[in-house]
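The values are calculated or read from the model by the stated rules, or taken from the named source; none is laboratory data. These numbers come from a predicted model, not from an experiment. Glycine gets a Cβ as well: all are built from the backbone with ideal geometry, and neighbour counts include every protein chain shown. Note: accessible area is taken over every heavy atom of the protein model, side chains too, but ligands, DNA and RNA are not part of it. Shrake-Rupley method; radii C 1.70, N 1.55, O 1.52, S 1.80 Å.
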Amino acid sequence: MTKKRVLSCIQPTGEIHLGNYFGAVKNWVAIQDTYECFYGVVDLHAMTMPYDPKALKQNTLQMMAELLACGIDPEKSTLFIQSLVPQHTELAWIFNCVASYGELSRMTQFKDKSDQIEGGGKGNFISAGLFTYPVLQAADILVYMANLVPVGKDQVQHLELSRNIAIRFNKQFGEDFFPEPQPLLTEIPKLVSLADPSKKMSKSLGEKHYVSLFEDENRLRKKVRSAVTDTGEEQRDGMSPGVENLFNLIKACEKSEAYDLLIKDYHNGELKYKELKDTVAEALVELTTPFRQKKEELLKDKKQIESLALRLSEKAQDVAADTIRKVRSLTGLPRYAK
Ligand code: TRP
């Protein structure tokens with residue numbers, strides 16, 4: 001039986017943090033044997049917000065190294081760089097003519113990000129690329145005819161748009177050409193900011209709010225030590241969000257014995273925050289040390305990562321070019337010479 005095809009992508013906007021890892025990358029690694037997997041570093045998506053070209057180039061290579069360090073196996077999965085597979089942009093244009101202005105206007109991520117730009121003091125420039133971002137995302141998925149897309153809840157609306165584009169395209173140009181991609185939702189621990197537990201853990205909040213998967217050990221311990229537990233403002237009933245976050249981290253690291261002991265202490269009113277934090281720090285150091293070492297080792301030979309990226313992106317192109325050939329024929333565009 002042929003394996004179902006999976007596609008997922010990540011933006012190269014800096015180091016992978018714990019939220020990305022537990023929410024996505026860990027699962028990407030886990031499903032490599034079950035499905036035929038395509039994983040992309042989407043540099044073109046990173047251009048939709050104000051960015052620095054040098055940083056983009058560096059971050060793209062770094063993201064490749066980090067995904068490899070996390071266990072994406074180039075023998076099993078096709079790990080590509082989006083801009084090295086030009087078929088994505090070609091299909092995106094065609095999809096721009098299949099998607100409607102109205103449905104794009106309803107995308108909540110567009111609204112959130114344009115609010116962020118307008119409120120962020122970085123000028124008021126909102127690119128058309130930010131508006132059509134989900135069309136490129138639909139092309140990422142459908143250029144590989146992917147059936148399953150591992151995503152977090154925040155991407156469900158974009159995936160629904162991808163399905164609508166597939167359905168509309170099929171109706172207009174040929175029944176059953178594109179599959180209707182389904183989300184592959186995994187159980188994701190809810191991780192909040194260490195410094196402000198009322199907010200989701202995210203890089204955009206700033207250094208002290210998140211832990212990178214490649215964090216220097218001393219910095220990691222320091223961040224955990226200074227994590228907010230009780231602010232004194234919460235209602236007295238139930239666990240405070242900061243404490244719950246620390247428990248969630250222990251669970252995410254699969255330290256169930258330590259979790260059970262500490263939760264018992266919590267219910268008996270005997271929990272010491274220092275002990276809780278030490279346990280979190282220990283578990284995170286154990287988790288992250290091999291990743292950090294592997295990444296350092298990989299980045300010693302940048303040329304090798306670059307040539308791997310080129311080779312795998314070419315492999316991705318073989319599949320993508322086949323889709324484009326058929327799409328061009330269906331939509332009334334001339335055939336390429338070869
Ligand atoms: N929009 C996704 C995110 O912000 C990244 C992404 C781009 C993606 N293209 C994709 C995810 C295709 C899944 C499939 O996380």
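Conditions tested, residue by residue: (1) surrounded by fewer than 21 Cβ atoms within 10 Å (Cβ to Cβ); (2) out of contact with any strand residue (DSSP E or B) (no Cβ under 6 Å at 6 or more places or on another chain); (3) on the phi < 0 side of the Ramachandran plot; (4) not aliphatic (A, V, I, L, M).
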{"position": "Ser8", "(1), (2), (3), (4)": "no, no, yes, yes"}
{"position": "Thr13", "(1), (2), (3), (4)": "yes, yes, yes, yes"}
{"position": "Phe22", "(1), (2), (3), (4)": "no, yes, yes, yes"}
{"position": "Glu36", "(1), (2), (3), (4)": "yes, no, yes, yes"}
{"position": "Val41", "(1), (2), (3), (4)": "no, no, yes, no"}
{"position": "Thr48", "(1), (2), (3), (4)": "yes, yes, yes, yes"}
**OP:** Please state which one of Leu185, Leu220, Leu205 is aliphatic (A, V, I, L, M) and surrounded by 17 or more Cβ atoms within 10 Å (Cβ to Cβ).
**Re:** Leu220
Original post:
Which of the following residues is within 16 Å of the ligand (Cβ to nearest atom) and touching a helix residue (DSSP H, G or I) at 6+ places or on another chain (Cβ under 7 Å): Gly19, Gly23, Gly40, Gly71?
Top reply: Gly40
Original post:
Is it true that some residue in the stretch 97-105 is closer than 30 Å to Val224 by Cβ, more than 17 Å from the chain's Cα centre (by Cα) and in a loop (DSSP other than H, G, I, E, B)?
Top reply: no
Original post:
Within the stretch 240-311, which helices (runs of 4 or more DSSP H) (wholly inside it) include 2 or more residues that are touching a residue at least 40 places away in the same chain (Cβ under 8 Å)?
Top reply: 241-252, 273-299
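Report, by residue number, each residue of the stretch 104-120 that is more than 15 Å from Leu136 (Cβ to Cβ) and either surrounded by fewer than 16 Cβ atoms within 10 Å (Cβ to Cβ) or not hydrophobic (A, V, I, L, M, F, W, C) (or both).
Filtering the stretch 104-120 for residues more than 15 Å from Leu136 (Cβ to Cβ) gives 105-106, 108, 111-112, 114-120.
Answer for the stretch 104-120, where residues must be more than 15 Å from Leu136 (Cβ to Cβ) and either surrounded by fewer than 16 Cβ atoms within 10 Å (Cβ to Cβ) or not hydrophobic (A, V, I, L, M, F, W, C) (or both): Ser105, Arg106, Thr108, Lys111, Asp112, Ser114, Asp115, Gln116, Glu118, Gly119, Gly120.
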Subject >> Every pair of residues 6+ apart whose Cβ atoms lie under 8 Å, when the first sits in the stretch 47-70 and is closer than 13 Å to Phe291 by Cβ while the second is hydroxyl-bearing (Ser, Thr, Tyr) and open to solvent by 40 Å² or more (accessible area, probe 1.4 Å) >> reply: none
Original post:
Filtering the stretch 130-165 down to residues that are open to solvent by less than 10 Å² (accessible area, probe 1.4 Å) and near the ligand (Cβ under 7 Å from one of its atoms), which residue is nearest to Lys111 (Cα to Cα)?
Top reply: His158
**OP:** Give me a count of the residues in the stretch 243-257 that are farther than 11 Å from Asp230 by Cβ and open to solvent by less than 50 Å² (accessible area, probe 1.4 Å).
**Re:** 8
**OP:** State whether one or more residues within the stretch 299-314 are closer than 20 Å to Leu194 by Cα, crowded, with 16+ Cβ neighbours inside 10 Å and under 27 Å from the mean Cα position of the chain (by Cα).
**Re:** no
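State the number of residues belonging to the stretch 166-194 that are away from the ligand (no atom under 16 Å from the Cβ), farther than 30 Å from Arg225 by Cα and among the acidic types (Asp, Glu). Show your work before the answer.
So the first thing to find is which residues in the stretch 166-194 are away from the ligand (no atom under 16 Å from the Cβ), and the list is 167-177, 187, 189-190, 192-194.
Applying the additional criterion that residues be farther than 30 Å from Arg225 by Cα yields 167-177.
Checking which are among the acidic types (Asp, Glu) leaves us with 175-176.
Within the stretch 166-194, residues that are away from the ligand (no atom under 16 Å from the Cβ), farther than 30 Å from Arg225 by Cα and among the acidic types (Asp, Glu) number 2.
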**OP:** Would you mind telling me which numbered condition in (1) of a type in the set (S, T, N, Q); (2) within 26 Å of the chain's Cα centre (by Cα); (3) surrounded by 14 or more Cβ atoms within 10 Å (Cβ to Cβ) Ser240 fails?
**Re:** (2)
Original post:
Before we move on, is Pro197 farther than 19 Å from Ser8 by Cα, more than 11 Å from the ligand (Cβ to nearest atom) and open to solvent by less than 40 Å² (accessible area, probe 1.4 Å)?
Top reply: yes
Original post:
How many residues does the stretch 121-162 contain that are within 15 Å of Leu185 (Cβ to Cβ) and basic (Lys, Arg)?
Top reply: 1
